[in-house]
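Below you'll find the structure, written out as structure tokens, and then a few comments.
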Amino acid sequence: MTAEPRPVDRCFWTPGVWMLTALMAAAALTLILRFAFGLGMVTNLDNAHPWGIWIGIDVAAGVALAAGGFTTAFLGHILGRHYYEPVTRPALLTAALGYTMVAFAVFVDLGRSWAIWKFLVFQNHRSVLFEVGICVMTYLLVLWIELLPAVAARLGRRVRLLGWIDRGVRKTMGAFIILGVVLSCCHQSSLGSLMVIAPTKLHPLWYTPWLPLHFLLSAIAVGFPMVVVETGLATRSLHLDSEMPVLVPLSRLAAAALGVALVVRLGDFVARESHLFIDGSGASISLLVELVLGGVLPLIMLLIPAVRRSRGGLFVAAALVVLGVLINRINVFVVALSPPFAEHAYVPAAGELIITAGSVAALMFLYRAAVTYLPILSARKLEEVH
Amino acid sequence: MITSRRSFLQVATTVAGASTLPVAARAWESRAPDNPFACLVDLTRCIGCRKCEEACNRVNDLPAPAQSFEDLRTLKSERRPTTTAYTVINRYTTGVLGSGHRQQPIYVKVQCMHCQDPACASACPTGAMAKQANGAVTYDPSQCIGCRYCLIACPFQIPAYEYERALTPRVRKCTFCFERLEVGKLPACAAICPADAIVFGRRRQLLVEAKRRIRERPARYVSHIYGEHEVGGTSWLYLSGVPFPHLAFPNLPSQAIPRPTESIQHALFHNLWSPAALFALLAAVMAVTRRNDDERPGTKGGES
Ligand code: SF4
Ligand code: SF4
Ligand code: SF4
């Protein structure tokens, strides 16, 4: 528990890692098609559905599920609860990798990927997307700066420059940590503002001008559950010590954050009379899955002390919250879009699914590689475990 | 076509929602040009000859269509503007009987509405979409990054995207013949119309003209000028003999579409006040926790 972060000494090339490699290879081939022949070649996007799962999952859900980074940074570094430090570094790593993948997804989704820099030159300050872009870009930079100490600890002596930058940055690390939290609050909420530009095209089950508030609250609510899920997966697949002593108190905070997010969301939902639009449609079912299975149910679970203290129970509850937020982002960006003149519904093409799966695989692959080579996890040596 | 009940409720919830927006909603100001160029399309006059489509195709150097402009079979399906056709004519039969007791068709010209406060231009992160002083909403491919947020934002579902182009896909839509307007010419479609169904002029004068037509022939028109109030007003205006929802015109609120987002952005990020305040607050909290840490030796930890 009290162990310092250090590289884990487990075998890297496991069958699971080979599988991730295969998924990444498939995505790489699809990427070649996308860049050689255009978006139309590998996607089902059309004029009625200009955004698909790359925006809904890779970008929107990706940003939300990387919220563990700023929520744990707030708790561990700003509120100074050092007790939680064993999970701040892994959460920081997931956030850095997650946002790198988000940036990559944006790059792939842009029709003119090579022109991505132009939004820095021709700035439209009224555009929500401009603000989201600036925030995400800056935050990505801040995340990598925050991760620098871990990288420098390993490579600092060999790469002189790295060690030099690291020492310079360390003194101002507090400012970077605060900046990271501020930027996160800005773009987590603005991601919700994005769809407020289409009030008449967004299904009334989801449209509300308060979308930015709901996005911010749900991002905060999913931060700790995401840490629980990641830690659960990592401890299992890497045979680490259980982090339950840290996760159990974290889950009480998670329950509180989820409670706040749900109350605000449902209050707005009912006040807006959105419940009148619940019928047997696929959209309604998707909404209920998001709200009940991914919101109310895990909240009830997290409020039961026995569930919080049980490893399996806590993992399932946290996984449900993660699922709920994932589906919420897909709902808002993909399911809710009701264009007035759609010829057919949008169903993601195989190419879109392959690239999304490949991105998730790359994320897990890089996480695995990072904890193997960098001091991220507070793990004991293999011989100490056995 | 939108089902009307749902769209009514949608509009109602939208308007109700926007009015509950906090403080700064009132600070929003329209940037619509005063009395810009406009076109008045009188659907009771249009004969469906598709000469406007042909003229548009010619002045914009668009590829020849698969079926010729004279081919009436094209009218059998309801079309939308595409990357190679900035305007299309659709035919509707709505039960109005004409001479000889045959169903009288109604033809509807579809193109960019050149909104007074265009959602596409507000959304565009680079300003590639922009409302010009003369009323035209133009697109500059050299600023475009291809995010397609303008397609998401447009309430009329007008912009079309060149998904099949690998390196330099563009957004395509009616330009209001911007270059022609600048040299004092009419939009090509308005210039060619043999039935006087498209009248070009200044928006205020055309609204007066439209009201005059409704007043003088109340049996011929429904008393609704589509585009006068929709989404805060558009530069293209329509008169019709049957209610607009029957002709696939979206049922839209009179509030400008960008208003809620621009109000939110302004309220939160004006002079970056909220990020700055949050930064100061968090810095204060951090200072307090660090001081407490120092006072209790032995508890200090972490790299920060
Ligand atoms: S109709 Fe659509 S594309 Fe045309 S100006 Fe309005 S929002 Fe923009
Ligand atoms: S696709 Fe181009 S024109 Fe449309 S919003 Fe994006 S940058 Fe602007
Ligand atoms: S104004 Fe010009 S670009 Fe627009 S429909 Fe008419 S001819 Fe085509």
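So here's what we get for this one:
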{"quantity": "Among (1) open to solvent by 40 Å² or more (accessible area, probe 1.4 Å); (2) modelled with pLDDT of 95 or more; (3) more than 16 Å from ligand 2 (Cβ to nearest atom); (4) out of contact with any helix residue (DSSP H, G or I) (no Cβ under 6 Å at 6 or more places or on another chain) - the single one B:ALA66 does not satisfy", "calculated": "(2)"}
{"quantity": "Filter result (of a type in the set (Gly, Ala, Ser) and open to solvent by less than 10 Å² (accessible area, probe 1.4 Å)) within the range A:114-135", "calculated": "A:ALA115, A:SER127"}
{"quantity": "Selected residue (criterion: most open to solvent (accessible area, probe 1.4 Å)) from residues of the range B:129-161 that are aliphatic (A, V, I, L, M) and either farther than 17 Å from A:TRP51 by Cβ or within 16 Å of ligand 3 (Cβ to nearest atom) (or both)", "calculated": "B:ALA133"}
{"quantity": "Breaking point among (1) buried (at least 19 other Cβ atoms within 10 Å of the Cβ); (2) away from ligand 3 (no atom under 16 Å from the Cβ); (3) within 14 Å of B:LEU247 (Cα to Cα), for B:GLY95", "calculated": "(1)"}
{"quantity": "Residue count for the range A:220-255, restricted to those that are free of Cβ contacts under 8 Å to residues at least 60 places away in the same chain, surrounded by fewer than 20 Cβ atoms within 10 Å (Cβ to Cβ) and under 20 Å from the mean Cα position of the chain (by Cα)", "calculated": "2"}
{"quantity": "Leading residue by the ranking (farthest from B:GLY201 (Cα to Cα)) among those in the range B:150-185 that are free of Cβ contacts under 8 Å to residues at least 12 places away in the same chain and more than 15 Å from ligand 2 (Cβ to nearest atom)", "calculated": "B:ALA166"}
{"quantity": "Subset of the range B:244-263 (residues that are open to solvent by 10 Å² or more (accessible area, probe 1.4 Å), outside any loop (DSSP other than H, G, I, E, B) and more than 7 Å from chain A (Cβ to nearest Cβ))", "calculated": "B:PRO245, B:HIS246, B:ARG259"}
{"quantity": "So A:THR88, is it β-branched (Val, Ile, Thr), crowded, with 19+ Cβ neighbours inside 10 Å, within 20 Å of the chain's Cα centre (by Cα) and within 14 Å of chain B (Cβ to nearest Cβ)", "calculated": "yes"}
{"quantity": "Which numbered condition B:ARG215 fails, given (1) assigned to a helix (DSSP H, G or I); (2) within 15 Å of ligand 2 (Cβ to nearest atom); (3) basic (Lys, Arg)", "calculated": "(2)"}
{"quantity": "Residue in the range B:77-84 that is more than 30 Å from B:THR261 (Cα to Cα), away from ligand 1 (no atom under 16 Å from the Cβ) and β-branched (Val, Ile, Thr) present", "calculated": "yes"}
{"quantity": "Test set (1) more than 16 Å from ligand 1 (Cβ to nearest atom); (2) buried (at least 21 other Cβ atoms within 10 Å of the Cβ); (3) closer than 28 Å to B:ALA123 by Cα - B:ALA267 fails condition number", "calculated": "(2)"}
{"quantity": "Total residues in the range A:62-90, condition among the small types (Gly, Ala, Ser), more than 20 Å from A:VAL42 (Cβ to Cβ) and part of a helix (DSSP H, G or I)", "calculated": "5"}
{"quantity": "Answer from B:ALA119, B:ALA136, B:ALA128 - the residue that is touching a residue at least 24 places away in the same chain (Cβ under 8 Å), hydrophobic (A, V, I, L, M, F, W, C) and more than 10 Å from ligand 1 (Cβ to nearest atom)", "calculated": "B:ALA128"}
{"quantity": "Boolean, A:TYR84 is at negative phi, modelled with pLDDT of 90 or more and of a type in the set (Phe, Trp, Tyr)", "calculated": "no"}
{"quantity": "Set A:LEU93, A:LEU147, A:LEU97, A:LEU140: member being part of a helix (DSSP H, G or I), away from ligand 1 (no atom under 16 Å from the Cβ), open to solvent by 20 Å² or more (accessible area, probe 1.4 Å) and more than 9 Å from chain B (Cβ to nearest Cβ)", "calculated": "A:LEU140"}
{"quantity": "Residue selected from the range B:139-171 under the condition within 8 Å of chain A (Cβ to nearest Cβ) and among the small types (Gly, Ala, Ser), by the criterion nearest to ligand 1 (Cβ to nearest atom)", "calculated": "B:ALA153"}
{"quantity": "Yes/no for A:SER184 being part of a helix (DSSP H, G or I), open to solvent by less than 10 Å² (accessible area, probe 1.4 Å) and farther than 16 Å from A:TRP51 by Cβ", "calculated": "yes"}
{"quantity": "Candidate set: the range A:100-113, residues that are among the aliphatic types (A, V, I, L, M) and in contact with a Phe, Trp or Tyr (Cβ under 7 Å, 6 or more places away or on another chain); chosen: the one surrounded by the most Cβ atoms within 10 Å (Cβ to Cβ)", "calculated": "A:ALA105"}
{"quantity": "Which numbered condition A:PRO375 misses (of (1) in a helix (DSSP H, G or I); (2) under 30 Å from A:TRP13 (Cα atoms))", "calculated": "(1)"}
{"quantity": "Where B:ALA280 falls short, out of the listed (1) within 14 Å of another protein chain (Cβ to nearest Cβ); (2) crowded, with 20+ Cβ neighbours inside 10 Å", "calculated": "(2)"}
{"quantity": "Hits in the range A:35-55 (condition: buried (at least 22 other Cβ atoms within 10 Å of the Cβ), part of a helix (DSSP H, G or I) and not β-branched (Val, Ile, Thr))", "calculated": "A:LEU39, A:TRP54"}
{"quantity": "Selected residue [closer than 26 Å to A:ARG329 by Cβ and within 14 Å of another protein chain (Cβ to nearest Cβ)] from A:GLY40, A:GLY62, A:GLY68, A:GLY80", "calculated": "A:GLY40"}
{"quantity": "Residues satisfying the stated conditions in the range B:162-171, i.e. surrounded by fewer than 24 Cβ atoms within 10 Å (Cβ to Cβ) and either under 16 Å from B:ALA119 (Cα atoms) or away from ligand 3 (no atom under 16 Å from the Cβ) (or both)", "calculated": "B:GLU162, B:TYR163, B:GLU164, B:ARG165, B:ALA166, B:LEU167, B:THR168, B:PRO169"}
{"quantity": "Options B:VAL222, B:VAL183, B:VAL231, B:VAL199; residue that is open to solvent by 80 Å² or more (accessible area, probe 1.4 Å) and either more than 29 Å from B:GLN103 (Cα to Cα) or modelled with pLDDT of 95 or more (or both)", "calculated": "B:VAL183"}
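The values are calculated or read from the model by the stated rules, or taken from the named source; none is laboratory data. Given the structure is predicted, the values throughout are model-derived calculations rather than measurements. Glycine also receives a Cβ, built like all others from the backbone with ideal geometry; neighbour counts cover every protein chain displayed. Side chains are part of the model used for accessible areas, which takes the heavy atoms of the whole protein and leaves out ligands, DNA and RNA. Shrake-Rupley method; radii C 1.70, N 1.55, O 1.52, S 1.80 Å.
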